[in-house]
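The values are calculated or read from the model by the stated rules, or taken from the named source; none is laboratory data. These numbers come from a predicted model, not from an experiment. We place every Cβ from the backbone using ideal geometry, glycine too, and count neighbours over all the protein chains shown. When the accessible area is computed, the model is the full protein with side chains, heavy atoms only, and any ligands, DNA or RNA have been set aside. Shrake-Rupley method; radii C 1.70, N 1.55, O 1.52, S 1.80 Å.
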Amino acid sequence: MNEVDFLVIGSGSGLDVANAAANRGQSVAVVEKGPLGGTCLNRGYIPSKMLLYHADVFETVERADEFHIDAEITDVNFAEMVREVNEDVSADADSIRKGFRSSPQHDLYEGERRFVDERTVEIVSGEDEGAQIRAETVLIAAGTRPAIPGIDGIDDVDYLTSTEALQLETPPDHLLIVGGGYIAAELGHFFGTFGSDVTIIGRRPNLLPEADEEVAEAFTDRYADRFTVHTGYAATAALESGGTVTVEAHPYEYGEDGGIRENDSVTVTGDTLLVAAGRTPNTDLLNLDATAVQTDERGFIETDEYLRTTAEGVWALGDIVGEYLLKHSANHEAQAVARNLFGDDLQPVDYTAMPFAVFASPEVAGVGAHESELQEAGTEYATRTYRYDQTARG
(Lines give C-alpha, C1' and ligand atoms only; values in the text may rest on other atoms or scores of the structure.)
Protein backbone atom coordinates (compact mmCIF):
# COMPACT_ATOMS: atom_id res chain seq x y z
CA MET A 1 0.00 0.00 0.00
CA ASN A 2 1.21 3.46 -0.90
CA GLU A 3 0.70 6.02 1.87
CA VAL A 4 0.63 9.69 0.93
CA ASP A 5 -0.26 12.99 2.53
CA PHE A 6 -2.88 14.02 -0.04
CA LEU A 7 -5.04 12.02 -2.44
CA VAL A 8 -7.38 13.48 -5.07
CA ILE A 9 -9.96 11.38 -6.91
CA GLY A 10 -10.48 12.96 -10.33
CA SER A 11 -8.20 15.03 -12.54
CA GLY A 12 -10.25 18.16 -13.20
CA SER A 13 -10.25 21.14 -10.86
CA GLY A 14 -9.07 18.91 -8.02
CA LEU A 15 -5.61 19.05 -9.60
CA ASP A 16 -5.34 22.68 -8.48
CA VAL A 17 -5.51 21.53 -4.85
CA ALA A 18 -3.16 18.61 -5.54
CA ASN A 19 -0.59 21.02 -6.95
CA ALA A 20 -1.01 23.32 -3.95
CA ALA A 21 -0.30 20.36 -1.66
CA ALA A 22 2.75 19.32 -3.70
CA ASN A 23 4.10 22.87 -3.62
CA ARG A 24 4.01 22.66 0.16
CA GLY A 25 6.12 19.53 0.16
CA GLN A 26 3.33 17.02 0.64
CA SER A 27 3.34 13.64 -1.07
CA VAL A 28 0.43 13.57 -3.54
CA ALA A 29 -1.48 10.85 -5.40
CA VAL A 30 -3.97 11.41 -8.23
CA VAL A 31 -6.51 8.74 -9.17
CA GLU A 32 -8.30 8.97 -12.53
CA LYS A 33 -10.33 6.40 -14.47
CA GLY A 34 -10.46 8.29 -17.76
CA PRO A 35 -8.46 10.80 -19.78
CA LEU A 36 -6.79 13.38 -17.59
CA GLY A 37 -8.21 16.87 -17.41
CA GLY A 38 -11.71 16.03 -16.23
CA THR A 39 -15.09 16.54 -17.87
CA CYS A 40 -14.42 20.12 -18.94
CA LEU A 41 -11.44 19.25 -21.12
CA ASN A 42 -12.54 15.90 -22.47
CA ARG A 43 -16.35 15.86 -22.64
CA GLY A 44 -17.60 19.32 -21.77
CA TYR A 45 -16.83 22.98 -22.05
CA ILE A 46 -13.64 22.93 -24.14
CA PRO A 47 -14.62 20.62 -27.04
CA SER A 48 -18.19 21.97 -27.15
CA LYS A 49 -17.08 25.60 -27.32
CA MET A 50 -14.45 24.81 -29.93
CA LEU A 51 -17.13 23.20 -32.09
CA LEU A 52 -19.63 25.96 -31.41
CA TYR A 53 -17.13 28.53 -32.64
CA HIS A 54 -17.32 26.84 -36.05
CA ALA A 55 -21.09 27.34 -35.97
CA ASP A 56 -20.61 31.02 -35.10
CA VAL A 57 -18.24 31.46 -38.05
CA PHE A 58 -20.75 29.73 -40.32
CA GLU A 59 -23.53 32.07 -39.18
CA THR A 60 -21.30 35.13 -39.58
CA VAL A 61 -20.46 34.25 -43.17
CA GLU A 62 -24.12 33.56 -43.93
CA ARG A 63 -24.99 37.05 -42.67
CA ALA A 64 -22.09 38.79 -44.41
CA ASP A 65 -24.42 40.68 -46.75
CA GLU A 66 -25.71 42.61 -43.72
CA PHE A 67 -22.24 44.14 -43.57
CA HIS A 68 -22.12 44.77 -47.36
CA ILE A 69 -19.76 41.83 -47.89
CA ASP A 70 -20.40 39.33 -50.66
CA ALA A 71 -19.51 35.90 -49.25
CA GLU A 72 -20.69 32.38 -49.94
CA ILE A 73 -20.21 29.04 -48.21
CA THR A 74 -19.55 26.36 -50.82
CA ASP A 75 -18.53 23.43 -48.62
CA VAL A 76 -18.20 22.29 -44.99
CA ASN A 77 -15.86 19.46 -44.02
CA PHE A 78 -17.84 18.53 -40.93
CA ALA A 79 -15.93 15.32 -40.18
CA GLU A 80 -12.54 17.03 -40.32
CA MET A 81 -13.82 19.82 -38.11
CA VAL A 82 -14.92 17.35 -35.42
CA ARG A 83 -11.77 15.23 -35.73
CA GLU A 84 -9.50 18.25 -35.36
CA VAL A 85 -11.24 19.39 -32.18
CA ASN A 86 -11.13 15.93 -30.63
CA GLU A 87 -7.48 15.45 -31.61
CA ASP A 88 -6.61 18.74 -29.91
CA VAL A 89 -8.49 17.71 -26.77
CA SER A 90 -6.86 14.27 -26.76
CA ALA A 91 -3.42 15.83 -27.14
CA ASP A 92 -4.03 18.12 -24.17
CA ALA A 93 -5.21 15.22 -22.00
CA ASP A 94 -2.19 13.15 -23.02
CA SER A 95 0.12 16.05 -22.21
CA ILE A 96 -1.33 16.26 -18.68
CA ARG A 97 -0.91 12.51 -18.27
CA LYS A 98 2.71 12.56 -19.36
CA GLY A 99 3.39 15.44 -16.99
CA PHE A 100 2.02 13.54 -14.01
CA ARG A 101 3.70 10.27 -14.98
CA SER A 102 7.06 12.03 -15.08
CA SER A 103 6.51 14.23 -12.01
CA PRO A 104 8.56 13.44 -8.90
CA GLN A 105 5.92 15.26 -6.82
CA HIS A 106 2.86 13.26 -7.91
CA ASP A 107 1.90 9.59 -8.14
CA LEU A 108 -0.68 8.89 -10.84
CA TYR A 109 -2.99 5.86 -10.63
CA GLU A 110 -5.21 5.10 -13.62
CA GLY A 111 -8.29 2.93 -13.52
CA GLU A 112 -11.65 2.42 -11.83
CA ARG A 113 -11.47 3.15 -8.13
CA ARG A 114 -13.41 2.48 -4.97
CA PHE A 115 -13.05 3.22 -1.29
CA VAL A 116 -11.89 0.37 0.92
CA ASP A 117 -12.20 2.38 4.11
CA GLU A 118 -12.43 6.02 5.18
CA ARG A 119 -9.25 7.21 3.49
CA THR A 120 -8.04 4.20 1.51
CA VAL A 121 -8.77 3.78 -2.20
CA GLU A 122 -8.21 0.67 -4.31
CA ILE A 123 -7.78 0.59 -8.09
CA VAL A 124 -10.03 -2.21 -9.35
CA SER A 125 -9.33 -2.03 -13.10
CA GLY A 126 -7.02 -0.41 -15.60
CA GLU A 127 -3.29 0.06 -15.78
CA ASP A 128 -2.78 0.21 -12.00
CA GLU A 129 -5.27 -2.48 -10.99
CA GLY A 130 -4.67 -3.82 -7.51
CA ALA A 131 -2.91 -0.75 -6.15
CA GLN A 132 -4.10 0.69 -2.83
CA ILE A 133 -3.46 4.24 -1.71
CA ARG A 134 -4.04 5.61 1.77
CA ALA A 135 -3.91 9.31 2.53
CA GLU A 136 -4.09 11.63 5.49
CA THR A 137 -6.35 13.93 3.46
CA VAL A 138 -8.66 12.88 0.61
CA LEU A 139 -10.36 15.15 -1.92
CA ILE A 140 -13.26 13.71 -3.92
CA ALA A 141 -13.59 15.53 -7.24
CA ALA A 142 -14.93 12.66 -9.37
CA GLY A 143 -17.54 14.65 -11.29
CA THR A 144 -20.77 13.59 -12.95
CA ARG A 145 -21.96 11.78 -16.07
CA PRO A 146 -25.00 12.25 -18.33
CA ALA A 147 -28.27 11.34 -16.62
CA ILE A 148 -30.63 8.99 -18.44
CA PRO A 149 -34.27 9.52 -17.45
CA GLY A 150 -36.68 6.65 -16.98
CA ILE A 151 -38.11 6.51 -20.50
CA ASP A 152 -39.84 3.29 -21.51
CA GLY A 153 -37.75 1.47 -24.15
CA ILE A 154 -34.73 3.78 -23.86
CA ASP A 155 -32.36 0.86 -23.23
CA ASP A 156 -33.23 -0.55 -26.65
CA VAL A 157 -32.48 2.71 -28.48
CA ASP A 158 -29.00 3.58 -29.74
CA TYR A 159 -29.16 7.08 -28.27
CA LEU A 160 -26.41 9.66 -27.86
CA THR A 161 -25.38 11.62 -24.81
CA SER A 162 -23.34 14.82 -25.00
CA THR A 163 -20.18 12.68 -24.83
CA GLU A 164 -20.93 10.88 -28.10
CA ALA A 165 -22.53 13.92 -29.73
CA LEU A 166 -19.25 15.85 -29.49
CA GLN A 167 -17.57 13.11 -31.53
CA LEU A 168 -20.25 12.66 -34.19
CA GLU A 169 -18.62 13.16 -37.59
CA THR A 170 -21.84 13.42 -39.62
CA PRO A 171 -24.71 15.73 -38.65
CA PRO A 172 -28.00 13.83 -38.27
CA ASP A 173 -30.75 14.43 -40.77
CA HIS A 174 -33.27 14.88 -37.97
CA LEU A 175 -32.03 15.15 -34.40
CA LEU A 176 -34.42 14.58 -31.50
CA ILE A 177 -33.23 16.13 -28.23
CA VAL A 178 -34.71 15.17 -24.86
CA GLY A 179 -33.87 18.00 -22.47
CA GLY A 180 -34.19 21.76 -22.46
CA GLY A 181 -31.15 23.09 -20.61
CA TYR A 182 -27.74 24.46 -21.57
CA ILE A 183 -26.48 21.31 -23.27
CA ALA A 184 -29.64 20.83 -25.31
CA ALA A 185 -29.59 24.47 -26.39
CA GLU A 186 -25.94 24.48 -27.43
CA LEU A 187 -25.94 21.15 -29.26
CA GLY A 188 -29.25 22.01 -30.94
CA HIS A 189 -27.64 25.20 -32.22
CA PHE A 190 -24.51 23.39 -33.37
CA PHE A 191 -26.18 20.61 -35.33
CA GLY A 192 -28.98 22.86 -36.56
CA THR A 193 -26.45 25.29 -38.01
CA PHE A 194 -24.86 22.51 -40.02
CA GLY A 195 -28.06 21.21 -41.54
CA SER A 196 -29.87 19.00 -39.05
CA ASP A 197 -33.58 19.35 -38.51
CA VAL A 198 -33.91 19.64 -34.73
CA THR A 199 -36.79 18.76 -32.42
CA ILE A 200 -36.47 19.57 -28.72
CA ILE A 201 -38.61 18.08 -25.94
CA GLY A 202 -38.26 19.86 -22.59
CA ARG A 203 -40.19 19.30 -19.36
CA ARG A 204 -40.18 22.91 -18.16
CA PRO A 205 -42.40 25.66 -19.62
CA ASN A 206 -39.38 27.27 -21.29
CA LEU A 207 -35.93 26.26 -22.44
CA LEU A 208 -33.05 27.40 -20.19
CA PRO A 209 -35.17 27.16 -17.02
CA GLU A 210 -32.25 28.37 -14.89
CA ALA A 211 -32.32 31.76 -16.61
CA ASP A 212 -34.60 34.62 -15.65
CA GLU A 213 -38.18 33.88 -16.70
CA GLU A 214 -38.43 36.64 -19.31
CA VAL A 215 -35.08 35.71 -20.83
CA ALA A 216 -35.99 32.02 -20.94
CA GLU A 217 -39.30 32.85 -22.60
CA ALA A 218 -37.65 35.06 -25.24
CA PHE A 219 -35.00 32.41 -25.90
CA THR A 220 -37.67 29.72 -26.30
CA ASP A 221 -39.55 31.88 -28.80
CA ARG A 222 -36.39 32.35 -30.87
CA TYR A 223 -35.67 28.62 -30.83
CA ALA A 224 -39.26 27.88 -31.84
CA ASP A 225 -38.60 29.97 -34.95
CA ARG A 226 -35.58 27.80 -35.81
CA PHE A 227 -36.62 24.36 -34.60
CA THR A 228 -39.59 22.26 -33.53
CA VAL A 229 -39.91 22.86 -29.79
CA HIS A 230 -42.20 21.05 -27.34
CA THR A 231 -41.80 22.62 -23.91
CA GLY A 232 -43.83 21.44 -20.94
CA TYR A 233 -43.57 17.84 -22.17
CA ALA A 234 -41.80 14.82 -20.68
CA ALA A 235 -40.54 12.03 -22.91
CA THR A 236 -42.22 8.84 -21.72
CA ALA A 237 -41.40 6.22 -24.36
CA ALA A 238 -38.85 5.64 -27.11
CA LEU A 239 -38.65 3.13 -29.93
CA GLU A 240 -36.08 2.52 -32.67
CA SER A 241 -36.95 0.62 -35.81
CA GLY A 242 -35.47 0.60 -39.29
CA GLY A 243 -33.17 3.53 -38.64
CA THR A 244 -35.99 5.70 -37.26
CA VAL A 245 -36.33 6.76 -33.64
CA THR A 246 -39.78 7.56 -32.29
CA VAL A 247 -40.30 9.42 -29.02
CA GLU A 248 -43.64 9.83 -27.29
CA ALA A 249 -44.08 12.67 -24.82
CA HIS A 250 -46.86 13.81 -22.50
CA PRO A 251 -47.56 17.09 -20.72
CA TYR A 252 -45.32 17.39 -17.68
CA GLU A 253 -48.09 17.70 -15.14
CA TYR A 254 -49.51 15.22 -12.71
CA GLY A 255 -52.95 13.83 -12.13
CA GLU A 256 -54.48 12.88 -8.82
CA ASP A 257 -52.76 9.49 -8.89
CA GLY A 258 -49.34 11.13 -9.22
CA GLY A 259 -48.77 9.87 -12.75
CA ILE A 260 -48.19 11.92 -15.87
CA ARG A 261 -51.49 12.66 -17.57
CA GLU A 262 -52.09 10.85 -20.81
CA ASN A 263 -53.92 13.60 -22.69
CA ASP A 264 -52.44 15.75 -25.45
CA SER A 265 -49.45 13.52 -26.11
CA VAL A 266 -47.05 14.27 -28.95
CA THR A 267 -45.09 11.78 -31.03
CA VAL A 268 -41.94 12.82 -32.89
CA THR A 269 -39.62 10.88 -35.17
CA GLY A 270 -36.05 11.32 -36.33
CA ASP A 271 -32.94 9.37 -37.17
CA THR A 272 -30.91 10.25 -34.05
CA LEU A 273 -31.85 10.69 -30.38
CA LEU A 274 -29.77 12.86 -28.06
CA VAL A 275 -30.49 12.59 -24.33
CA ALA A 276 -29.46 15.85 -22.67
CA ALA A 277 -31.53 15.64 -19.50
CA GLY A 278 -29.03 16.71 -16.87
CA ARG A 279 -26.18 15.06 -15.00
CA THR A 280 -25.91 12.39 -12.33
CA PRO A 281 -23.07 12.25 -9.77
CA ASN A 282 -20.45 9.51 -9.91
CA THR A 283 -20.85 8.78 -6.20
CA ASP A 284 -22.40 5.37 -6.93
CA LEU A 285 -19.09 4.30 -8.51
CA LEU A 286 -16.97 5.05 -5.43
CA ASN A 287 -18.29 2.59 -2.80
CA LEU A 288 -18.96 5.38 -0.34
CA ASP A 289 -20.63 2.83 1.94
CA ALA A 290 -17.10 2.01 3.12
CA THR A 291 -16.83 5.57 4.44
CA ALA A 292 -18.80 8.04 6.54
CA VAL A 293 -19.30 10.30 3.50
CA GLN A 294 -22.97 11.11 3.15
CA THR A 295 -24.92 12.00 0.01
CA ASP A 296 -28.20 13.83 -0.48
CA GLU A 297 -31.37 12.41 -2.02
CA ARG A 298 -30.00 13.08 -5.53
CA GLY A 299 -26.72 11.29 -4.83
CA PHE A 300 -24.50 14.38 -4.57
CA ILE A 301 -21.95 14.54 -1.76
CA GLU A 302 -23.01 16.58 1.24
CA THR A 303 -20.47 19.15 2.44
CA ASP A 304 -20.40 21.98 4.93
CA GLU A 305 -19.73 25.60 3.98
CA TYR A 306 -15.99 24.86 3.86
CA LEU A 307 -16.44 21.84 1.49
CA ARG A 308 -15.65 19.28 4.18
CA THR A 309 -17.66 16.07 3.91
CA THR A 310 -19.19 14.21 6.83
CA ALA A 311 -16.06 12.05 7.05
CA GLU A 312 -12.99 13.26 8.93
CA GLY A 313 -10.21 14.32 6.58
CA VAL A 314 -12.32 13.95 3.43
CA TRP A 315 -13.22 16.98 1.30
CA ALA A 316 -15.17 17.32 -1.96
CA LEU A 317 -15.57 19.84 -4.78
CA GLY A 318 -16.85 20.27 -8.31
CA ASP A 319 -19.88 18.77 -9.99
CA ILE A 320 -20.05 15.91 -7.49
CA VAL A 321 -21.18 18.29 -4.72
CA GLY A 322 -24.08 19.49 -6.88
CA GLU A 323 -23.93 23.25 -6.32
CA TYR A 324 -23.19 24.71 -9.76
CA LEU A 325 -22.20 22.20 -12.43
CA LEU A 326 -19.86 24.66 -14.12
CA LYS A 327 -16.09 24.59 -14.60
CA HIS A 328 -15.53 28.05 -13.15
CA SER A 329 -17.55 27.03 -10.08
CA ALA A 330 -15.28 24.00 -9.61
CA ASN A 331 -12.22 26.22 -9.97
CA HIS A 332 -13.70 28.60 -7.39
CA GLU A 333 -14.29 25.67 -5.03
CA ALA A 334 -10.74 24.42 -5.58
CA GLN A 335 -9.40 27.78 -4.44
CA ALA A 336 -11.62 27.58 -1.36
CA VAL A 337 -10.45 24.06 -0.48
CA ALA A 338 -6.79 24.97 -0.91
CA ARG A 339 -7.29 28.07 1.22
CA ASN A 340 -9.03 26.08 3.95
CA LEU A 341 -6.54 23.22 3.91
CA PHE A 342 -3.39 25.31 3.94
CA GLY A 343 -4.49 28.69 5.29
CA ASP A 344 -4.70 29.90 8.86
CA ASP A 345 -8.48 30.26 9.10
CA LEU A 346 -11.42 28.42 7.58
CA GLN A 347 -13.46 30.52 5.16
CA PRO A 348 -16.79 29.45 3.64
CA VAL A 349 -17.04 29.13 -0.12
CA ASP A 350 -18.94 32.08 -1.55
CA TYR A 351 -21.55 31.35 -4.24
CA THR A 352 -23.10 34.82 -4.10
CA ALA A 353 -22.66 35.70 -7.77
CA MET A 354 -21.97 32.61 -9.86
CA PRO A 355 -22.22 33.50 -13.57
CA PHE A 356 -23.38 31.26 -16.37
CA ALA A 357 -23.24 31.51 -20.15
CA VAL A 358 -25.00 29.62 -22.92
CA PHE A 359 -23.14 29.64 -26.25
CA ALA A 360 -26.20 29.21 -28.41
CA SER A 361 -27.86 31.50 -30.94
CA PRO A 362 -28.94 33.78 -29.39
CA GLU A 363 -26.35 33.78 -26.61
CA VAL A 364 -27.51 34.15 -23.03
CA ALA A 365 -25.58 34.89 -19.84
CA GLY A 366 -26.50 35.81 -16.30
CA VAL A 367 -25.17 36.40 -12.80
CA GLY A 368 -26.77 36.93 -9.42
CA ALA A 369 -30.36 36.51 -8.26
CA HIS A 370 -33.40 36.04 -10.48
CA GLU A 371 -35.84 38.92 -10.67
CA SER A 372 -38.55 36.66 -9.25
CA GLU A 373 -36.32 35.77 -6.30
CA LEU A 374 -35.72 39.42 -5.53
CA GLN A 375 -39.43 40.20 -5.82
CA GLU A 376 -40.20 37.43 -3.36
CA ALA A 377 -37.60 38.89 -1.03
CA GLY A 378 -39.18 42.33 -1.36
CA THR A 379 -36.27 43.83 -3.29
CA GLU A 380 -37.34 46.52 -5.73
CA TYR A 381 -34.46 46.31 -8.18
CA ALA A 382 -32.96 43.17 -9.65
CA THR A 383 -29.19 42.81 -9.54
CA ARG A 384 -29.17 40.11 -12.16
CA THR A 385 -27.75 41.12 -15.51
CA TYR A 386 -28.00 39.36 -18.83
CA ARG A 387 -26.45 39.47 -22.22
CA TYR A 388 -29.07 38.62 -24.77
CA ASP A 389 -28.14 38.91 -28.42
CA GLN A 390 -31.11 40.54 -30.14
CA THR A 391 -29.53 40.48 -33.59
CA ALA A 392 -31.79 38.75 -36.09
CA ARG A 393 -30.37 35.45 -37.29
CA GLY A 394 -32.32 35.24 -40.52
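Calculated FRET efficiency, V61 to A365, Cβ-Cβ distance, R0 = 30 Å: about 0.80 to the nearest 0.05. In this rough spin-label picture, where each label sits 7 Å from Cα along the Cβ direction, the E87-E164 distance is 2.5 nm. Percent of Cα-Cα pairs per 5 Å bin, from 0 to the last occupied bin, for the stretch 294-387, please list those. Going from the shortest bin to the longest, the percentages are 3, 12, 18, 18, 16, 15, 11, 6, 1, 0. Among 14-22, 356-364, the peptide with the highest mean count of other Cβ atoms within 10 Å heads the list, and the full ranking is 14-22, 356-364.
Once the Cβ-Cβ distance of N331 and Y306 is raised to the sixth power relative to R0 = 25 Å, the FRET efficiency obtained is 0.90. Could you tell me what percent of the accessible area of the chain is made up of carbon and sulfur, with a 1.4 Å probe and every protein chain present? The value for the chain is 44 percent carbon and sulfur by accessible area. Each part gets one Cα centre, and for the stretch 284-331 versus the stretch 54-121 those centres are 26 Å apart.
Would you kindly calculate the translational diffusion coefficient of the chain, applying Stokes-Einstein with the Kirkwood radius from alpha carbon pairs, for 37 °C and a viscosity of 0.692 mPa s, and quote it in µm² s⁻¹ without decimals? My calculation gives 143 µm²/s for D. Note on the chain: helix-only mean residue ellipticity at 222 nm, from DSSP H runs of 4+ residues weighted -39500 (n - 2.57) and normalised by residue number, equals -9000 deg cm²/dmol.
Label-to-label distance for Q105 and D155 is 4.7 nm, based on points extended 7 Å past Cα in the beta-carbon direction.
Taken per residue, the accessible surface of the chain reaches 49 Å², heavy atoms only and a 1.4 Å probe.
Counting charges near G12 (Lys, Arg +1; Asp, Glu -1) among other residues having Cβ under 10 Å from its Cβ returns a value of -2. The residues neighbouring A334, those whose beta-carbon lies less than 14 Å from its own, together hold a net charge of -3 under the Lys/Arg +1, Asp/Glu -1 convention. Full extension of the chain between E214 and T352 gives 47.5 nm of extra length, using 0.36 nm per residue less the Cα-Cα distance. Once the C-beta distance of R298 and D345 is scaled by a Förster radius of 45 Å, the resulting FRET efficiency is 0.90 to the nearest 0.05. Using C-alpha pairs below 8 Å separated by at least 6 residues, the relative contact order for the chain is 17 percent.
Based on the convex hull around the alpha carbon atoms, the stretch 59-127 presents an average projected area of 9.4 nm².
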